[in-house]
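The values are calculated or read from the model by the stated rules, or taken from the named source; none is laboratory data. The model shown is predicted, which means the values in this text are computed figures rather than measured ones. Cβ coordinates were reconstructed from backbone atoms using ideal geometry, including for glycine residues, and neighbour counts include every protein chain displayed. For accessibility, only protein heavy atoms count, side chains too; no ligands or nucleic acids. Shrake-Rupley method; radii C 1.70, N 1.55, O 1.52, S 1.80 Å.
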Amino acid sequence: MASAAVLEEISRDLKIDRKGQPLGKVMWEKKIKEGPGSTPRTKHLYKRCRWAHTAGGEYVREDIKISLERARLYTEGHKANAGELPIIIRAKCLEHYLKNCSIYIQDEELIVGSHNEYPDKLELFPEGGAKNMMDYLEDDTVTPPELYDEGVKMVEYWKQWSLSSRCERYFDPESLEKLSTGVIGEPPVWAHFYTSACPPYQSVLEDGLEKRIKWCEDNIKNARDKIKTFPWRGEENFPLFEKIDAWEAMNISARAVIGWARKYSRLARIIAENFDLSDSVGGAGQRKKELLEIADICARVPAEPARGLKDAMQSKWFCFVVAQNIERYCSGYSQLEDNLLWPYYKASVIDKTAQPMSREEAVELIECERLKVCERTVTKGRWMRIIHPGINDLHILSLGGLDENGNDMCTDLTDVILEAALNIHTNEPSIAFKYSPKCNEKTRRLVYECISQGFGFPSIKNYEKNFKHSMEYHGWPPEVAARWALVLCMAPGATGRRSTQHSRNEGGSGIVGPAVGTMALSDGFDAWFSNKQCGAHTGDASKFTWEDLLKAVEEQIKHNSQLMFMNKEITSYAENKWLESPFLAMMDDWNVEEGVGAFHRYNKPYTNTWADYYPGPVGVVDDLAAIKYWVFDKKKYTMAQLLEALKANWQGYEEMRQEFLSAPKFGNDDDYVDKIANWFFNVSCDVWAAHKMVGWEKGATIVPQSVSAFVTLGSMIGAEPFGRRHGEPTHDGGCSPYMGLDKKGPTAVLKSVSKLPNERIKGIQLNQRLPVGLMRESEKGFDVWSAYMKTWHDLNCDHVQFNVVRTEDMRSAQKEPEKWEHLIVRIAGYSARFISLSKMAQDAVIARTEQELG
């Protein structure tokens, strides 16, 4: 039974008077009445928040426009240093930008630092290539006419230097054409310039950049002394030249970042001492005090080690802005935040030994960070903007879990982060919780309360399963494996000072799940979107036996994954040679020790090679089960008849479609289809493991998921045998049953999922929808949910995430969106503002089966 004492403690922390009512119900009503935010400051910042969401690939707010400041300064920096080595050029481009870029501090901010010329501005990355640049320049909804000609000139200049030009030379035309369609997999990174990184903030928080600069200087001195030593040792000395270049680039970058941070220090002091601050929410005196404290903090960090929580939050933000927004665009907010910031929280809030502050002030600071993330403008390629509606970016931070000895790692800071999420009610950053039954009840209760409010987060990852997988499949030692954090929405990555996953091309990218099935039925030809040969030639499906069909699916998996892994490694090679991130390298102890760039992947301490299926591959499972049932077992239809029905998009074949819809479906604890699912996922794991990426001979691991590609790519995927028509959404997760076809309740879903080879899979996404009446408005909700989670955990499932939202509320939001800005839903891997979604995406969430518990 839930502890009454824990519930009362949470109510006190949140300043909620329950008056005998369920906590979730009172919180919901308070939010509707008073609006988000626990303080006047965060209420003000929430109302002013400049959401930068996209829908259908377009930015939702008309105020969002491009700026050419970054592109202009990087072009100037490149031209001035074009004769230098590539890694030095990259460092000097960053230096030129940070010395000359615009900076600003917005009213009421406690955390400062931005990557754009002004709020609501999108900065471009011409070094990525022409495709992404021109997509923005030719979009008159975001590009002012006066910027177009200048932007085109930049595109022309960068053609010979860009990542695209470096990568394209390694592809034959046929492979390049297949990849570029987007039908069988994610387009190349260098085409849409979408990547991700896990910066090791811990090193900068603990050392400060000045200490790391001294480390690089000592390394350079030692290397130069070595090469002067008699007698000459070429095998030992020759690699030192390249290392010296890397260390020099790191130092150029780090010194530039220190200077940039101190610009914010000067600006904060100027505003405090020269501007009228009487309209500040706390009054002029309070705001002046805050600005002077910000000036003091920015003068010290990230140059010096962080002392308390304010230092740590500001230093981390500066590093995030540079590493993931300025030096290059990288998606995500990947960090184990409660573990990373705990020493500084303890010093400030508990021990009061550095930057003393109250617990309530710490909650406010976390709320400010969440709002800062919500205003981040990003310029990822259109394909990625299309499959990420309702958000700025995939900002996901991780919390919780156990240490390597099995002890609970949840702290009061874990609870503060969850409380801040409850208060401010933003969909970003999303939260992943590393769930174990050993995690304390208060933290688990706060996780539950966030879910009950309809946030869709925290998503839940099985700590023990992923701890074991990280050691057995990726070779991480226990202390590293215990401290994993999600790279983006599903895949654990190592954290710590020597554990960075610097590039999406080590772990990330993916192939389209349903396509390996549809291509097997069409000899690899896509007649629905590209009208091209995208898959492998696997023969005339009308003549297939059951064994032929399985072989064809396996061949399509091999073909499509080969293109994906080839693309990943080509891009990784080009990044390492020509598009390094020396500041990101400076943050990682291993890179500094070895004198190598951020994208160097040989002999890394902890590798993390993986790739995705998305959208959901369970569509292939349901397709195969329907074919086996009606064609090969019941023999009511032939393969030729099925292919004709699919070619017609089931039009004129409704009775037949209903029969194929009635065939066994995944998610109902039916061994008929679950055995097929086990075969499909084992084959996929075998294929992934056969791909030996740089640095890890054991092979890559697989992460089946969907983001919102299950909706947006529905128009690219042909009709499917399980009954889906072309254009309709596909399966909405890695192992989620199709909308409305899981008919036997939540336990049956979990049992089907448990039959998959979960121990071989790095992450596999499961979406569930639970009733508001139980989760938010019932005193027994936490106990019932806890029992569900025990079953989930006992069955060794990897992941689950929940939507808790009323159908009538979503219908109302469709009719009157202006009244429902607060409504958040879980898509797949992230949470979105409901009103920012397309109607098709909204309808797909509405159509999910609402599971009854208890």
Checklist entry - Is it true that some residue in the range 674-685 is closer than 13 Å to A625 by Cβ, in contact with a helix residue (DSSP H, G or I) (Cβ under 9 Å, 6 or more places away or on another chain), in a loop (DSSP other than H, G, I, E, B) and open to solvent by 10 Å² or more (accessible area, probe 1.4 Å)? => result no
Next on the checklist: Looking only at the range 383-439, count every residue that is over 14 Å from the mean Cα position of the chain (by Cα), within 27 Å of E821 (Cβ to Cβ) and aliphatic (A, V, I, L, M) and tell me the total.
Outcome noted: 9
Next on the checklist: Can you name every one of the helices (runs of 4 or more DSSP H) wholly within the range 130-198 that holds 1 or more residues which are modelled with pLDDT of 95 or more, open to solvent by 40 Å² or more (accessible area, probe 1.4 Å) and aromatic (F, W, Y)?
Outcome noted: 145-158
Checklist entry - Is it fair to say S572 is at pLDDT below 95, surrounded by 19 or more Cβ atoms within 10 Å (Cβ to Cβ) and either farther than 30 Å from S522 by Cβ or of a type outside the set (D, E, K, R) (or both)? => result yes
Next on the checklist: Would you confirm whether or not the range 45-68 contains a residue that is more than 25 Å from the chain's Cα centre (by Cα), crowded, with 19+ Cβ neighbours inside 10 Å and on the phi < 0 side of the Ramachandran plot?
Outcome noted: yes
Checklist entry - Which fully enclosed helices (runs of 4 or more DSSP H) of the range 317-395 have 1 or more residues being within 25 Å of L163 (Cα to Cα) and charged (D, E, K, R)? => result 382-386
Item to check | Within the range 692-709, considering residues that are in contact with a helix residue (DSSP H, G or I) (Cβ under 7 Å, 6 or more places away or on another chain) and of a type outside the set (V, I, T), the one most open to solvent (accessible area, probe 1.4 Å) | outcome: K698
Item to check | Within the range 754-829, strands (runs of 3 or more DSSP E) holding 3 or more residues that are within 24 Å of the chain's Cα centre (by Cα), more than 30 Å from V683 (Cα to Cα) and at pLDDT 95 or above | outcome: none
Checklist entry - So which residues in the range 25-42 are open to solvent by 30 Å² or more (accessible area, probe 1.4 Å) and free of Cβ contacts under 8 Å to residues at least 40 places away in the same chain? => result E29, K30, K33, E34
Checklist entry - Between a first residue in the range 330-346 that is closer than 17 Å to M357 by Cα and a second residue that is aliphatic (A, V, I, L, M) and open to solvent by 10 Å² or more (accessible area, probe 1.4 Å), which pairs have beta carbons less than 7 Å apart while being 6 or more apart in sequence or on different chains? => result Y344/A306
Item to check | Yes/no for R266 being open to solvent by 70 Å² or more (accessible area, probe 1.4 Å), closer than 30 Å to K352 by Cβ, assigned to a helix (DSSP H, G or I) and not acidic (D, E) | outcome: yes
Checklist entry - Across the range 295-315, what is the total count of residues that are part of a helix (DSSP H, G or I) and either without any contact (Cβ under 8 Å) to a residue 12 or more places away in the chain or not hydroxyl-bearing (S, T, Y) (or both)? => result 12
Item to check | Residue identified as within 15 Å of the chain's Cα centre (by Cα) and among the hydrophobic types (A, V, I, L, M, F, W, C) among M490, M471 | outcome: M490
Checklist entry - Going by the conditions given, is G129 touching a residue at least 24 places away in the same chain (Cβ under 8 Å) and out of contact with any Ser or Thr (no Cβ under 8 Å at 6 or more places or on another chain)? => result no
Item to check | Test result for N100, of a type in the set (S, T, N, Q), farther than 27 Å from I294 by Cα and open to solvent by 10 Å² or more (accessible area, probe 1.4 Å) | outcome: no
Item to check | Residue satisfying all of: in the range 207-240; open to solvent by less than 80 Å² (accessible area, probe 1.4 Å) and among the hydrophobic types (A, V, I, L, M, F, W, C); farthest from the chain's Cα centre (by Cα) among these | outcome: I227
Checklist outcome for this item: L73 passes all but one of the listed conditions (1) out of contact with any helix residue (DSSP H, G or I) (no Cβ under 6 Å at 6 or more places or on another chain); (2) crowded, with 19+ Cβ neighbours inside 10 Å; the exception is number (1)
Checklist entry - Looking at (1) touching a residue at least 40 places away in the same chain (Cβ under 8 Å); (2) closer than 17 Å to Y435 by Cα; (3) hydroxyl-bearing (S, T, Y), which is the one condition that is false for S470? => result (1)
Next on the checklist: Checking the condition small (G, A, S) and closer than 23 Å to S503 by Cβ, which residue from G332, G308 passes?
Outcome noted: G332
Next on the checklist: Looking at L292 and the list (1) in a helix (DSSP H, G or I); (2) among the aliphatic types (A, V, I, L, M); (3) open to solvent by 20 Å² or more (accessible area, probe 1.4 Å); (4) touching a residue at least 40 places away in the same chain (Cβ under 8 Å), which single condition is not satisfied?
Outcome noted: (4)
